[in-house]
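Colleague: Please find one structure pasted underneath; my questions will follow.
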Amino acid sequence: MKLFNVKNLIRLLVLMVVYGIIQYLFINKAINPFYMMTLVLVCIYIILAVSQNIITGFTGQLALGHAGFMAIGAYMSALVVVRMQGSLVAGIIFGALMAAAAGMLIGLPTLRLRGDYLAIATLGLGEIVRIFFLNMDYLGGATGFSVPKTIDWTWAFWLMALSVFLMSSFINSSHGRACISVRENEIAAEAMGINTTKYKVMAFTMGAFFAGLAGAIYANYMYLIHPGTFSFLKSFEILAMVVLGGLGSITGSVVGAGVLTIISAGLADYPEFRMVIIALVMIILMVYRPNGLLGNKELKLDFLRIKKKG
Amino acid sequence: MGSVSDLIIQQIINGISLGSIYALIALGYTMVYGIIQLINFAHGDIMMVGAYIGWFCTTTLMLSFIPALIIAMFFTALLGMLIERIAYKPLRHATRLAVLITAIGVSFFLEYGGILILTPQTRTFPEVFPQTVYEFGNITFKYGDVVIILTTVILMAILTLVVKYSRVGKAMRAVSFDKEAASLMGINVDNTISATFAIGSSLAAAAGVLIGVYFNTINPLMGIMPGLKAFVAAVLGGIGIIPGAMVGGLVMGLVESFVSGIGFSTWRDAAAFFILIIVLIVKPTGLLGKNIREKV
């Protein structure tokens, strides 16, 4: 696959236009800081949703520990930036790598488990991570850990674009197809000579890496990180975005993350309503459209292309 | 050295009380899993609803413990059947992922619906029991401990009899063994599944009322942690196996009270999940489970 083909250049152009418009509006004070924060959160949740989709939608493994990896990314980047006076880039990379390492360590034993057991084991691990940071007084403990705000919208946007590009390249590669075959039928995939454990761990590690990256962006944007943020609830919200958009659709996750984050921001004053609505949407979707709104289809920019004759 | 052994015995008593509650909740998980292979994530929240019904009965209706317990069990059984009909039955043939996500959805719906209707405020259970404390040397035995253990033993005995000897119980065992063959034998599978949800939910309600009277406070999110831990207990004992849930629950209760007892109470939730992961890695079928090979 060539990096600079026409398709990718068009994508880059679209991204630049989107970025340019939002930046222009922000400079001209058409977007107030609350909306700007929502937009940054949208970027963070897009990374989280797409990385969860790699694990759940493409590889078919229901893991519920995404908030835990996000927490590792957030706290480890904060450790580098605040406690070791490291640079922001070093913090982000370290956070993401630590999350990936944790993902691999956790994935190796647990991914041998089937469906429900994996869900509950990863849920348990996510909670263990949260309780660990809750008891780490060196990193703030129960009161939270304050981190200077060093990330702005530009960083968040382009890191998001890069992450989504890398993850979609992974899915479109032969490794990605191997992951999809694991989802479709694990026994058949194994019979065809695919090392299913290897690909499950690969997808899981990759998902953890980007969850850690998202956590690192979150930590360096939000001033304060708190173990309570990274509870099971967060994992569930991320899963809801993936399910809403479509299991196995990257553009679906992007849309799902955008829609749910904006709805959440709109209902910020009524948190109970927000969760009731999310829960109802999940139940109704699962009963009527078990593969999410887009299923495994992708939104395409095909309408921009000039149709060939004949 | 007397004080150390007293301390240990005291923790064992606390552990058994707590473990009995976990065992009651774990039974519901294990029965539902045994029959439709679903982790009913909403089970802990059904327990919460039971606790609120019990609270309503003892405060507003001024009922005593046993009528409150029975009313809570009855209405929660209805709720369990309703949830099964609305949310899980349409998905009987869907992927397990879809059903599991629905179960999580139901769980959040009950929690936050509860917050909407009942407000997030913590409610205090009235004192339905005398605050009698039995002392043997340095070991104290609360009246509540006795009630919890007695109620659990009675309910478990009834459950065992029902599952072993009644028509419903036999149908439940048949359906969990082989759904299709059971329906060919004239067993109404849907009704049997409903009955399983009803029994499991009413046991959860009993646990909810017991938690309410033992710890005195209830809130809409009280179901999450006991629910997860009871699930761990069910997996620990071997999911789908009724005696396994009882054993698993007691083990969980004992571990938790010992971890708190040696001064690591902030880590006790982590200990529960740690046990879960060890069990899943070492013997995923649980303490009392048998290995079943997956067939193509």
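Colleague: Could you tell me which residue of the stretch B:90-104 is farthest from A:I55 (Cα to Cα), considering only residues that are part of a loop (DSSP other than H, G, I, E, B) and within 10 Å of chain A (Cβ to nearest Cβ)?
Modeller: B:A94
Colleague: Here are some residues: B:I158, B:I148, B:I115, B:I154. Which one is within 22 Å of B:A23 (Cα to Cα), touching a residue at least 12 places away in the same chain (Cβ under 8 Å) and part of a helix (DSSP H, G or I)?
Modeller: Unique residue meeting the criteria: B:I148.
Colleague: Out of the stretch A:271-302, which residues are within 9 Å of chain B (Cβ to nearest Cβ) and not hydrophobic (A, V, I, L, M, F, W, C)?
Modeller: If the condition is that a residue be within 9 Å of chain B (Cβ to nearest Cβ) and not hydrophobic (A, V, I, L, M, F, W, C), then A:P271, A:E272, A:R274, A:Y288, A:P290, A:N291 are the ones that fit.
Colleague: Out of A:I217, A:I187, A:I262, A:I225, report the one residue that is out of contact with any helix residue (DSSP H, G or I) (no Cβ under 6 Å at 6 or more places or on another chain) and within 21 Å of A:W155 (Cβ to Cβ).
Modeller: Sole residue among the options that is out of contact with any helix residue (DSSP H, G or I) (no Cβ under 6 Å at 6 or more places or on another chain) and within 21 Å of A:W155 (Cβ to Cβ): A:I262.
Colleague: Could I ask something else about it? Quick check: anything in the stretch A:230-237 facing chain B (nearest Cβ under 10 Å), in a helix (DSSP H, G or I) and basic (K, R)?
Modeller: no
Results for (1) at pLDDT 90 or above; (2) crowded, with 24+ Cβ neighbours inside 10 Å; (3) within 16 Å of the chain's Cα centre (by Cα); (4) more than 27 Å from A:R177 (Cα to Cα), shown as yes or no for each residue.
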residue	(1), (2), (3), (4)
A:K200	yes, yes, no, no
A:A208	yes, yes, yes, no
A:G215	yes, yes, yes, yes
A:A240	no, yes, yes, no
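Colleague: Another question, then. Could you check the stretch B:163-241 for helices (runs of 4 or more DSSP H) lying wholly inside it with 2 or more residues that are more than 14 Å from chain A (Cβ to nearest Cβ) and at pLDDT 90 or above?
Modeller: The qualifying helices (runs of 4 or more DSSP H) are B:167-177, B:179-184, B:189-215.
Colleague: Continuing with the same structure: Suppose we filter the stretch A:131-154 for residues that are touching a Gly at 6+ places or on another chain (Cβ under 7 Å) and under 16 Å from A:A67 (Cβ atoms); how many remain?
Modeller: Number of matching residues: 1.
Colleague: Okay, moving on. For the stretch A:139-161, indicate whether the set of residues that are closer than 22 Å to B:D269 by Cβ, more than 14 Å from every other protein chain (Cβ to nearest Cβ), out of contact with any strand residue (DSSP E or B) (no Cβ under 6 Å at 6 or more places or on another chain) and at pLDDT below 85 is non-empty.
Modeller: yes
Colleague: Quick one: which of B:T30, B:T58 is part of a helix (DSSP H, G or I), crowded, with 20+ Cβ neighbours inside 10 Å, modelled with pLDDT of 85 or more and more than 17 Å from the chain's Cα centre (by Cα)?
Modeller: Answer to the selection: B:T58.
Colleague: Continuing with the same structure: Take the stretch A:264-290 and flag every residue that is farther than 24 Å from B:R92 by Cα and in contact with a Ser or Thr (Cβ under 7 Å, 6 or more places away or on another chain).
Modeller: Listed by number, the residues that qualify are A:A265, A:R274.
Colleague: Quick one: how many residues across the stretch A:103-152 are under 15 Å from A:T56 (Cβ atoms) and charged (D, E, K, R)?
Modeller: 2
Colleague: In the set A:F4, A:F58, which member is hydrophobic (A, V, I, L, M, F, W, C), exposed (fewer than 13 other Cβ atoms within 10 Å of the Cβ) and either under 30 Å from A:Y199 (Cβ atoms) or touching a helix residue (DSSP H, G or I) at 6+ places or on another chain (Cβ under 8 Å) (or both)?
Modeller: Criteria check complete, one pass: A:F4.
Colleague: While we're on this one: Name the residue that is farthest from the other protein chains (Cβ to nearest Cβ), counting only residues in the stretch B:261-282 that are under 20 Å from the mean Cα position of the chain (by Cα) and aromatic (F, W, Y).
Modeller: Only one residue fits best here, namely B:F274.
Colleague: Which pairs turn up if I take residues in the stretch A:184-197 that are within 13 Å of chain B (Cβ to nearest Cβ) and look for partners that are polar (S, T, N, Q) and part of a helix (DSSP H, G or I) with beta carbon separation below 7 Å, at least 6 apart in sequence or on another chain?
Modeller: Listed by first residue and then by second, the contacts come to A:E186/A:T196; A:A189/A:S181; A:A189/A:T196; A:E190/A:T196.
Colleague: I need every pair where a residue in the stretch A:265-287 that is assigned to a loop (DSSP other than H, G, I, E, B) has its Cβ under 7 Å from the Cβ of a residue that is basic (K, R), sequence separation at least 6 or different chains.
Modeller: Cβ pairs passing all conditions: A:L267/A:R274.
Colleague: Taking the stretch B:70-89, which residues are buried (at least 17 other Cβ atoms within 10 Å of the Cβ) and within 9 Å of chain A (Cβ to nearest Cβ)?
Modeller: Within the stretch B:70-89, B:A87 is the sole residue that qualifies.
Colleague: Let me ask another. Would you point out the residue of the stretch A:103-140, among those that are in a helix (DSSP H, G or I), free of Cβ contacts under 8 Å to residues at least 60 places away in the same chain and surrounded by fewer than 16 Cβ atoms within 10 Å (Cβ to Cβ), that is nearest to the chain's Cα centre (by Cα)?
Modeller: Out of the qualifying residues, it is A:L105.
Colleague: Is at least one residue of the stretch A:174-189 under 21 Å from A:G65 (Cα atoms) and under 13 Å from the mean Cα position of the chain (by Cα)?
Modeller: Within the stretch A:174-189, not a single residue is under 21 Å from A:G65 (Cα atoms) and under 13 Å from the mean Cα position of the chain (by Cα).
The values are calculated or read from the model by the stated rules, or taken from the named source; none is laboratory data. None of the values given here were measured: they were computed from a predicted structure. With ideal geometry, Cβ positions are generated from the backbone for all residues, glycine too; neighbour counts draw on all protein chains shown.
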